[in-house]
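All remarks here apply to the structure that follows.
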Ligand code: ADP
Ligand code: ADP
Ligand code: ZN
């Protein structure tokens, strides 16, 4: 049976950072809805053109568009054993659609690690985030600096700041998270699949909590 892990938490909580480690450790695909949108924007596909302004503002892309994109991605062969989902679902309608599609794929949501971080830390994390333009590895100028400034440790690629990581846009994203996404915490709690992690800890310590929660899946 394929295994699906859903990382949930506010923007900047560390979902992408932890999803990368987790997907490598468990040999699962890393499916990030934000990365999928940004890749479409970079290639200027129809989808990319449709969502570019939305991401720039920090608003949410409409559910139907997002659900169709993630469904296509989860049908790819590299997701046959399952996936670590990062940034999806973000609304109750997306969560319902996910349950339905995973049922069709013969699986279910096995665990939802919730990375809990205070709003103050989020702003500091996002405004200091630097991402590799080539391989997507995420760094932080203070909490996880690259060995050589401006260059990716993994591939030597150039690091860039995301256009939606300025303070004003960050505030809009956090407010969207609170109104649209945070209800999912209770939804997954009721479903008995949630594991809350203390996201204020260092990256390595959050990883330890995460792997311990995953080890308990049965
Ligand atoms: P973050 O690092 O803040 O968690 P992401 O990279 O996950 O950000 O998402 C970046 C942007 O992409 C969001 O602000 C939103 O515009 C769009 N997006 C990503 N995932 C979704 C989703 N599941 N539903 C709607 N919009 C999404
Ligand atoms: P998300 O995908 O939830 O938006 P990221 O994984 O991109 O979050 O992390 C946001 C920023 O915070 C990045 O610059 C990352 O290096 C940094 N970061 C991630 N986890 C931690 C942590 N536990 N402590 C300090 N900084 C962190
Ligand atoms: Zn790189």
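Coordinate-derived values only; no laboratory data. Worth saying up front: this structure is predicted, and the values here are computed from it rather than measured. Quick reminder, even Gly has a Cβ in these numbers, built from the backbone with ideal geometry, and neighbours come from all protein chains shown.
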key: Alpha-carbon centroid distance for the pair the stretch 104-133 / the stretch 180-218, whole angstrom   = 10 Å
task = Starting from the Cα gyration tensor of the stretch 95-210, take the square roots of the eigenvalues, sort them a ≥ b ≥ c, and report rounded, prolate or oblate (rounded when a/c is under 1.5, otherwise prolate if a/b is larger than b/c, else oblate).
result = prolate
remark   = Per the C-alpha gyration tensor (a ≥ b ≥ c, the square roots of its eigenvalues), the chain is rounded if a/c is under 1.5, else prolate if a/b beats b/c, else oblate; here it's rounded
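Rank-order 119-130, 2-13, 142-153 by packing density, defined as the average count of other C-beta atoms within 10 Å over each peptide's residues, highest first. Kindly include the intermediate steps, with their values, before the conclusion.
Values: 119-130: 17.8, 2-13: 24.0, 142-153: 13.7.
Result, highest mean first: 2-13, 119-130, 142-153.
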ask   = If you take the square roots of the eigenvalues of the alpha-carbon gyration tensor of the stretch 106-146 and sort them as a ≥ b ≥ c, do you get rounded (a/c under 1.5), prolate (a/b over b/c) or oblate?
value = oblate
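Which order, highest average first, do 197-207, 89-99 follow once you tally other Cβ atoms within 10 Å for each residue and take the mean per peptide? Could you put the intermediate results ahead of the total?
Details: 197-207: 15.9, 89-99: 18.9.
Going by the mean number of other Cβ atoms within 10 Å, highest first, we get 89-99, 197-207.
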query = How many percent of DSSP beta bridges within the chain run antiparallel, rounded to 5?
reply = 30 percent
key: Pair residue 179, residue 42: separation of 7 Å Cα→Cβ label points (nm)   = 3.1 nm
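With n ≥ 4 as the cut-off for DSSP H runs, can you work out [θ] at 222 nm for the chain, using -39500 (n - 2.57) per run divided by the number of residues, rounded to the nearest 500?
-14000 deg cm²/dmol
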